[in-house]
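The values are calculated or read from the model by the stated rules, or taken from the named source; none is laboratory data. Note that the structure is a prediction, hence the values are computed from the model and not measured. Cβ: placed from backbone, ideal geometry, glycine included. Neighbour counts: every protein chain shown.
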Amino acid sequence: MTIKRELIYIDGKEKTDRIASCRNYGDKCGIVFKNRNTEYIYKKSRIKIVKTAISEENANNIFSYLNKLADKVGLKTEEGNNILAESYQSISFIPKDCILANYLNKTIPVANNISQLIKTFPFGFNSSQRDAVNKAFSNPLSVVEGPPGTGKTQTILNIIANALMDGQSVAIVSSNNSATKNVYGKYEFATKIKLN
């Protein structure tokens, strides 16, 4: 696994693996693509270079340690695959604006500035669930936890519904399929009832 130090975008499309070199010419950039000898000149406004979050040696060391730790103690599937180690192996770039970057660089994440509290709760709520939904949208990372029967799934469903209504995409992940199936099943059931 090699972590890229930067990504290069041309006209909004990531082209890093196709680029041999990139040179700065003031308000322009010269790009040489692999297997070509020609340098193409682009206005700088068409080029975006995104630096990795682990450019500092300490952050790189922390990530390497976590990667090795995942390989030794990671969660295994019934087939014996190490889920966590495989996830670490698939990481090729860590953007500076992700929560992992905050952890690796020991920085405090910046809270999202939401202009108003969430008002839509299609799956019902109590006061702690309302607070959890609002915190989910005002922080870059939220953890919903509690014993069985405390409304975790209902809270997650309200978060999903509000994210989808706001045009965002949602990924539901868990260390076991039963938790994700539970959320999916309740969401699917509720949307069928509301559509009929």
Taking L69, is it out of contact with any Asp or Glu (no Cβ under 6 Å at 6 or more places or on another chain), modelled with pLDDT of 90 or more and assigned by TED's automatic domain parsing to the domain that holds D97?
-> yes
Only unsatisfied item for Y25, checking (1) closer than 18 Å to P95 by Cβ; (2) in contact with a helix residue (DSSP H, G or I) (Cβ under 9 Å, 6 or more places away or on another chain), is (1)
Could you tell me whether any residue of region 111-131 is crowded, with 16+ Cβ neighbours inside 10 Å and charged (D, E, K, R)?
-> yes
Of all residues in region 88-102, which are under 26 Å from F137 (Cα atoms) and touching a residue at least 12 places away in the same chain (Cβ under 8 Å)?
-> I91, F93, I94, P95, K96, C98, I99, L100, A101, N102
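Residues are listed down the side, and each one gets a yes or a no for (1) under 27 Å from Y9 (Cα atoms); (2) in the same structural domain as N177 (by TED's automatic domain parsing); (3) in a loop (DSSP other than H, G, I, E, B):
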site	(1), (2), (3)
S92	yes, no, yes
N112	yes, no, yes
Q116	no, no, yes
F137	no, yes, no
P147	no, yes, yes
Failed condition for A111, given (1) more than 29 Å from I62 (Cα to Cα); (2) small (G, A, S); (3) free of Cβ contacts under 8 Å to residues at least 60 places away in the same chain, with all others met?
-> (1)
Please work out if I31 is outside any helix (DSSP H, G or I), in contact with an Asp or Glu (Cβ under 8 Å, 6 or more places away or on another chain) and either of a type in the set (G, A, S) or surrounded by 12 or more Cβ atoms within 10 Å (Cβ to Cβ) (or both).
-> yes
In region 37-52, how many residues are modelled with pLDDT of 90 or more and part of a loop (DSSP other than H, G, I, E, B)?
-> 1
For region 149-194, enumerate the residues that are exposed (fewer than 13 other Cβ atoms within 10 Å of the Cβ), assigned to a helix (DSSP H, G or I), modelled with pLDDT of 80 or more and small (G, A, S).
-> G185
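Of the residues A70, A59, A85, which is under 14 Å from L104 (Cα atoms), touching a residue at least 12 places away in the same chain (Cβ under 8 Å) and among the small types (G, A, S)?
Every option except A59 fails the conditions.
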Looking at K68, K76, K44, which is the one that is over 30 Å from N177 (Cβ atoms) and over 20 Å from the mean Cα position of the chain (by Cα)?
-> K44
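Here is a yes/no grid of residues against (1) modelled with pLDDT of 90 or more; (2) part of a loop (DSSP other than H, G, I, E, B); (3) surrounded by 15 or more Cβ atoms within 10 Å (Cβ to Cβ):
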| residue | (1), (2), (3) |
| --- | --- |
| I3 | no, yes, yes |
| S21 | yes, no, no |
| I54 | no, yes, yes |
| E79 | no, yes, no |
| D97 | no, yes, no |
